[in-house]
Each structure stands twice: as structure tokens, then as C-alpha cells.
Amino acid sequence: MITEIGIAAGEIWQHLESKGRVGFDEILTIEPHREKILLMALGWLAREGHVLFKVENGMIFIELNKRSEANV
């Protein structure tokens with residue numbers, strides 16, 4: 001399962017790299033049938049400091065942490 005979470009984390013990273021900041025719900029549309037895996041992968045990326053969450057007008061947005069990218 002760890003491998004599957006890692007692959008999903010890579011998919012999220014690529015999605016954010018190509019689109020920039022996106023709404024939380026958009027992350028779940030990457031592969032809707034794998035919602036739980038995507039959520040675990042998002043948590044992994046957040047724990048490692050690779051993504052940032054911002055709340056604006058009650059909506060959650062996610063983007064890559066540019067400072068983290070410089071250290072990878």
C-alpha cells in the first residue's frame with residue numbers, strides 16, 4: 001500500500017506542478033475511485049512540507065511549497 005500512496009503522491013505533485021494552485025475537491029478528481037489513497041498521499045506530501053493549504057472564503061486551496069521544491 002505504501003507504494004500505491006507514493007505513486008498517488010507523484011500524481012498529485014504533477015497535477016499541482018502543471019496547474020498551480022487548485023481547489024481541494026479537484027485533487028479528488030485525479031482518480032475518483034482512489035479517493036482514500038489520494039487523501040493519504042496528500043497527507044504524506046503535507047507532512048513532508050511539499051504542499052501548502054490556504055483557506056479563502058471558506059474554500060481550501062492546495063499548492064506546491066516552492067521553498068520545499070528548492071530543497072528536493
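The values are calculated or read from the model by the stated rules, or taken from the named source; none is laboratory data. What you see is a predicted model; the values in this text were computed from it and never measured. Cβ coordinates were reconstructed from backbone atoms using ideal geometry, including for glycine residues, and neighbour counts include every protein chain displayed. Surface areas here come from the heavy atoms of the whole protein model, side chains and all, with no ligands, DNA or RNA. Shrake-Rupley method; radii C 1.70, N 1.55, O 1.52, S 1.80 Å.
Rounded to the nearest 500, the 222 nm mean residue ellipticity of the chain from helices alone is -17000 deg cm²/dmol, with -39,500 (n - 2.57) taken per DSSP H run of at least 4 residues.
For region 1-54, the fraction of 1.4 Å probe accessible surface lying on carbon and sulfur atoms is 57 percent.
About its Cα centre, the chain has a charge dipole of approximately 200 debye under the convention of +1 per Lys or Arg Cβ and -1 per Asp or Glu Cβ, with nothing else charged. Surface exposure of the chain, expressed per residue as accessible area with a 1.4 Å probe, stands at 66 Å².
Between rounded, prolate and oblate, where does the chain land on the alpha carbon gyration tensor, with a ≥ b ≥ c its root eigenvalues, rounded for a/c under 1.5, else prolate if a/b exceeds b/c? Because a/c hits 1.5 or more and a/b fails to exceed b/c, the chain counts as oblate.
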